Each structure stands twice: as structure tokens, then as C-alpha cells.
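The values are calculated or read from the model by the stated rules, or taken from the named source; none is laboratory data. What you are looking at is a predicted structure, and each value in this text was computed from that prediction instead of being measured. We place every Cβ from the backbone using ideal geometry, glycine too, and count neighbours over all the protein chains shown.
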Amino acid sequence: MRPYVICHMMGPLDGELLVDRWSPSTGRSSEALVAEYDRMHEALEGDAWIAGRAVGEEFAEGRPHPPEPVPPVERPVHVARAGAEEYAVLIDQHGKLHWTGPETYGAPLVMVLGRDVPDAHLAELAADGISYVVSDGTKIDLVRTLEVLASEFGVRRLILEGGARTNAAFLKAGLVDEISLVLFPAIGGHSGSQTLFEAGEDGLADRVRLSLVSTEVRTAGAVALRYRVAYVPA
């Protein structure tokens with residue numbers, strides 16, 4: 001059993017990912033646009049949100065500080081806090097993110113790590129009161145990760161707010177049930193810019209089909225769009 005996954009993103013008409021590059025087109029600050037996006041995030045009523053390392057780097061302010069000597073560590077799962085109202089889940093395959101406490105934005109952290117992350121990093125997380133899930137293989141097993149989030153942390157509704165590659169990886173794995181997009185009246189138009197989904201040369205056009213669930217006009221001329229995701233059999 002895995003959580004219901006909603007990929008929640010914001011963007012301009014051309015889908016450019018980085019808000020600061022297109023927000024001037026709206027005549028409003030990027031902070032005002034993000035605030036509207038955050039209001040929609042709250043309305044989705046997730047038990048947790050999940051993103052990749054690139055997003056985590058924006059607010060992981062710690063430096064390496066493993067305990068010495070390194071004590072025995074739990075693998076593959078360490079639950080530092082169960083039963084939280086909301087979790088912040090970060091995918092950090094190589095253990096590059098370091099923290100100054102067990103929470104970010106008021107939510108307890110759960111780190112998703114690759115098999116080869118050293119015990120010293122796991123011990124650092126445990127000492128900081130941070131939960132973690134270690135994948136069995138060299139790559140992150142997204143299916144198993146979601147199952148653990150459900151069984152060990154009680155996550156039933158997960159908000160995916162990754163970068164372009166993380167979002168595409170979930171779609172490729174058939175794990176996104178719904179897409180929520182806050183579409184702003186803006187155009188970035190920069191050559192070679194990142195878009196909301198990046199799935200490599202193969203793309204996603206032959207993998208997913210979207211059906212409209214709802215539309216809502218929001219402030220700042222934004223439109224909130226929600227789509228149900230269906231997957232094309234291979």
C-alpha cells in the first residue's frame with residue numbers, strides 16, 4: 001500500500017521551472033507568487049511532501065558532524081518520530097545534505113538515501129533526531145520508499161514538489177496519481193531553461209495521459225489546474 005501522490009507545481013505559460021526567472025513577467029514579486037502556491041499546497045491536505053536534493057539544498061544549512069566514534073546504525077529504516085501531522089521527505093541518494101535540527105519548515109525530516117551512504121552519515125542523522133530510509137540498490141527505489149512512508153510513518157497523501165528530474169522519475173515509475181499546477185500569467189522564454197518535468201530523450205508523451213479534474217481562478221491572475229494521471233501500458 002502506497003500513499004496517494006499529488007505532484008504540485010507552479011509555473012508560467014512556457015513551464016519554466018525557476019520562479020525568479022519568470023516572476024517579473026507578472027509584475028509581482030516571486031515571494032507573492034510562492035505565497036499563492038503555498039496556499040494551494042495547504043489546501044491539498046498532504047500528510048507529507050517530498051522533493052529531491054536540489055530542492056533540499058535550498059534549506060539544508062548544516063555541515064558534516066558525524067558522532068565519534070560512529071555507533072551502530074539501523075538499516076534500512078530508522079524512525080526518529082512517528083505520528084507527526086506532516087513530514088518533510090528529501091531524496092538525497094549520496095548523503096550530501098546536512099542539517100542543524102530534526103525539522104524543516106516545522107515538519108520532521110525523513111531522508112531517503114542510497115545503499116552506499118556510509119554509516120557515519122546515518123549516525124549523524126540519527127543523532128540529530130532525523131528519520132531515514134535506505135534503499136537496497138544503488139538507485140533509489142521509489143516504490144519501496146512510498147511503501148515505507150505509508151507503513152512506518154502513516155503517510156496516506158503525499159505532495160510531490162520536486163525538481164524537474166524528480167517529478168519525471170515519479171511519473172516514469174507510474175507513481176503520480178494527480179497533478180496540481182498553479183499556472184501564472186507569465187512567460188519566461190529563456191533558451192535552454194529547465195521545465196517542470198524533464199525525462200530525458202524518451203520524454204513522457206507516450207507514457208501518461210491527463211484528464212482535467214478541476215479549474216479555479218486564483219489571485220494574481222493565476223489558475224489552479226488539477227489533472228488525474230493515467231498510464232499507458234508498456
In segment 136-153, residues that are assigned to a loop (DSSP other than H, G, I, E, B) and under 14 Å from the mean Cα position of the chain (by Cα) total 1
Check: Of the residues that make up segment 162-184, is at least one at pLDDT 95 or above, surrounded by fewer than 20 Cβ atoms within 10 Å (Cβ to Cβ) and touching a helix residue (DSSP H, G or I) at 6+ places or on another chain (Cβ under 6 Å)?
Finding: yes
Review point. Do we find that Gly15 is of a type in the set (Gly, Ala, Ser) and in contact with a strand residue (DSSP E or B) (Cβ under 8 Å, 6 or more places away or on another chain) in this structure?
Key: yes
Filtering segment 154-166 down to residues that are touching an Asp or Glu at 6+ places or on another chain (Cβ under 8 Å) and outside any loop (DSSP other than H, G, I, E, B) yields Arg157, Leu158, Ala164, Arg165
